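Here the structure comes first, spelled out in structure tokens, and everything after it is commentary.
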Amino acid sequence: MIFATNFKTNNTRAYTKEYIQTLKEFVLKNDIKDDIFVFPTFTSLDMFELPSNIRVGVQNAYPVQNGSYTGEIGLEQIDEFGLKTILIGHSERRVILKESQELIVEKFNYFKERGFEIIYCIGEPKEIRDEGVDSAMEYLWSEFDGIDIEYEKLIVAYEPIWAIGTGVSAKKEDIDEILSNLRAKIKVPLLYGGSVKSSNIQEIESIKDCDGVLVGSASWKIESFCEIIKNGIKG
Ligand code: PEP
């Protein structure tokens, strides 16, 4: 399984340091080999000494080395910490920050060309899901326009917008249906995200095409993230 935590706009620099240290100790003590990703805020980025299966990444970046893009960071700032992992296409960036598919593709290509591991997020809104699986799939495939789905360092995260931050995950059969449709064309790991927590992780990890989870709110405290990992490791 892959376990990823997206801090969004949460946690301080001091707490992130403590969080990552505790995570490292937990992983080493329990001899966990699964891949674990942490996406802290920009202000909490640092050089962390970690086992190779724990990777810190950025939640976003502008596709430039450096330049005049107020409020953004570029490759120069990411390189300073030796980071090689990025989250692209999260629905909060698509919807709240109005990021277009065109810009998302630009980011994807820029970081792909530089060998970054990319967690690429897709997800449909409720009204589309309510129209049925065909509409949902049409919407989701459109979020792959311009994206190289064969990129070897790609991980896809399916995150239905209506399940994010609501406390109510999509139903197992609905996730199953979408992931198996995606799996027909996509060979890279597939994650599910949307109100994953320690109480539903076992049900989610039992889904055939689910290779892991991207977790928001239930992972912002290290104890809960460790609990999710412990319960979610496939036996
Ligand atoms: C997310 O935003 O990536 C997410 C999955 O959030 P939550 O777990 O809070 O639904």
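The values are calculated or read from the model by the stated rules, or taken from the named source; none is laboratory data. Please read these numbers as outputs of a predicted model, since none were measured by experiment. For neighbour counting, all protein chains shown are included, and Cβ atoms are generated from backbone atoms with ideal geometry for every residue, glycine included.
Laid out as a table, the results:
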{"read-out": "Residue match in the stretch 183-200 (condition: assigned to a helix (DSSP H, G or I), at pLDDT 95 or above and either hydrophobic (A, V, I, L, M, F, W, C) or within 15 Å of the ligand (Cβ to nearest atom) (or both))", "value": "no"}
{"read-out": "Condition check for V213: assigned to a loop (DSSP other than H, G, I, E, B), modelled with pLDDT of 95 or more, closer than 14 Å to A4 by Cβ and within 16 Å of the chain's Cα centre (by Cα)", "value": "no"}
{"read-out": "Selected residue [in contact with a helix residue (DSSP H, G or I) (Cβ under 6 Å, 6 or more places away or on another chain), aliphatic (A, V, I, L, M), on the phi < 0 side of the Ramachandran plot and within 16 Å of the ligand (Cβ to nearest atom)] from I2, I104, I86, I36", "value": "I86"}
{"read-out": "Number of positions in the stretch 1-47 that are among the hydrophobic types (A, V, I, L, M, F, W, C), in contact with a Ser or Thr (Cβ under 9 Å, 6 or more places away or on another chain) and over 20 Å from I229 (Cα atoms)", "value": "2"}
{"read-out": "Subset tally (residues that are surrounded by fewer than 18 Cβ atoms within 10 Å (Cβ to Cβ), touching a helix residue (DSSP H, G or I) at 6+ places or on another chain (Cβ under 7 Å) and polar (S, T, N, Q)) for the stretch 164-214", "value": "1"}
{"read-out": "Residues of the stretch 140-151 that turn out to be without any contact (Cβ under 8 Å) to a residue 24 or more places away in the chain and either surrounded by 17 or more Cβ atoms within 10 Å (Cβ to Cβ) or in a loop (DSSP other than H, G, I, E, B) (or both), as a count", "value": "1"}
{"read-out": "Residue match in the stretch 222-229 (condition: within 24 Å of I54 (Cβ to Cβ), within 15 Å of the ligand (Cβ to nearest atom) and surrounded by fewer than 19 Cβ atoms within 10 Å (Cβ to Cβ))", "value": "yes"}
{"read-out": "Breaking point among (1) surrounded by fewer than 14 Cβ atoms within 10 Å (Cβ to Cβ); (2) under 15 Å from the mean Cα position of the chain (by Cα); (3) of a type in the set (S, T, Y), for T70", "value": "(2)"}
{"read-out": "Helices (runs of 4 or more DSSP H) wholly inside the stretch 24-133 containing at least 2 residues that are closer than 22 Å to I2 by Cα", "value": "101-113"}
{"read-out": "Inter-residue pairs, beta-carbon under 7 Å, first part of a helix (DSSP H, G or I) and in the stretch 219-231, second of a type in the set (G, A, S), 6+ apart", "value": "S224/S198; S224/A218; F225/S219; E227/S198; I228/S198; I228/A218; I228/S219; N231/S198"}
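So that you can scan it fast, the table gives a plain yes or no per residue for (1) touching a Phe, Trp or Tyr at 6+ places or on another chain (Cβ under 8 Å); (2) within 19 Å of S217 (Cβ to Cβ):
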{"site": "D35", "(1), (2)": "yes, no"}
{"site": "T41", "(1), (2)": "yes, yes"}
{"site": "E80", "(1), (2)": "no, no"}
{"site": "I88", "(1), (2)": "yes, no"}
{"site": "G123", "(1), (2)": "yes, yes"}
